[in-house]
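What follows draws every value from the coordinates through simple rules; no lab data is involved. As the structure is a prediction and not an experimental result, all values here were calculated from the model. Quick reminder, even Gly has a Cβ in these numbers, built from the backbone with ideal geometry, and neighbours come from all protein chains shown.
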Amino acid sequence: MSTEEVAKKVVELVRKQAWYEALDLYDDDIVSVEAHAMGGGSPETRGKEGVRGKVDWWVNAMEVHGFKASEPFVAHDRFVVQYDADVAEKESKQRRQLSEVGVYTVKNGKIVREEFLPRV
């Protein structure tokens with residue numbers, strides 16, 4: 001798949017909240033970087049199984065009331081998508097609005113790097 005095709009597929013899947021299906025678009029050696037470390041660890045996660053663990057955490061920790069993904073911005077081997085989410089933490093029931101962009105790099109039809117930058 002081209003970078004544009006991968007970008008459009010990511011947007012299609014996350015709009016349906018098909019988080020696990022989206023993992024098929026990732027390279028086995030993906031590097032995923034969050035803006036902040038979760039639980040005091042590193043903000044960087046390596047490998048598809050590590051990213052699957054992040055998806056597991058999200059699904060188990062958050063109740064999603066709304067999720068929007070922009071159309072992708074694509075150039076060369078990279079694309080950017082803006083995400084806006086209305087979520088509540090399942091444990092505390094605290095509801096909040098999240099807004100961030102995902103910056104993705106594609107090689108050989110797979111996502112090899114993603115980095116998330118939150119709106120401040």
Check your understanding: How do the peptides 59-68, 90-99 rank, highest first, by the average count of neighbouring beta carbon atoms within 10 Å per residue?
Key -> 59-68, 90-99
Check your understanding: To the nearest 10 degrees, how steeply does helix 48-61 sit against the main Cα axis of the chain, on a 0 to 90 scale?
Key -> 30 degrees
Study note, to complete from the structure: With the 8 Å Cα cutoff and a minimum separation of six or more residues, the chain has a relative contact order in percent of 29 percent
Check your understanding: Pairing the Cα long axis of helix 3-15 with the longest principal axis of the chain, what angle in degrees results, from 0 to 90 and rounded to the nearest 10?
Key -> 20 degrees
**Study point:** 16 Å Cα-Cα reach of K16 towards lysines, excluding residues that sit fewer than 8 places from it in its own chain
**Key:** K8, K68
Revision key, fill the gap. For the chain, whose charge dipole is built from +1 on Lys and Arg Cβ atoms and -1 on Asp and Glu Cβ atoms, the candidate among N108, T3, H36 with its Cα farthest towards the positive end is H36
Review point. Hey, got the Cα dimensions of the chain along the principal axes, in Å, largest first?
Key: 42, 28, 27
Point to revise | Per-residue HN-Hα couplings for the range 98-113 [Karplus 6.51, -1.76, 1.60; θ = phi - 60°; Hz; x = Gly/Pro] | key: 10, 9, 7, 10, x, 10, 10, 10, 10, 9, 6, x, 10, 6, 9, 8
Review point. Once fully extended, how much extra length lies between K8 and N108, figured as 0.36 nm per residue of separation less the alpha-carbon to alpha-carbon distance?
Key: 34.4 nm
Check your understanding: Counting alpha carbon pairs within less than 8 Å and at least 6 residues apart, what relative contact order, in whole percent, applies to the range 11-81?
Key -> 31 percent
Point to revise | Estimated dipole of the chain in Debye, rounded to 20 [Cβ of Lys and Arg +1, of Asp and Glu -1, Cα centre] | key: 240 debye
Check your understanding: Hey, what number do you get for the chain at 222 nm if only DSSP H runs of n ≥ 4 count, each worth -39500 (n - 2.57), divided across all residues, to the nearest 500?
Key -> -7500 deg cm²/dmol
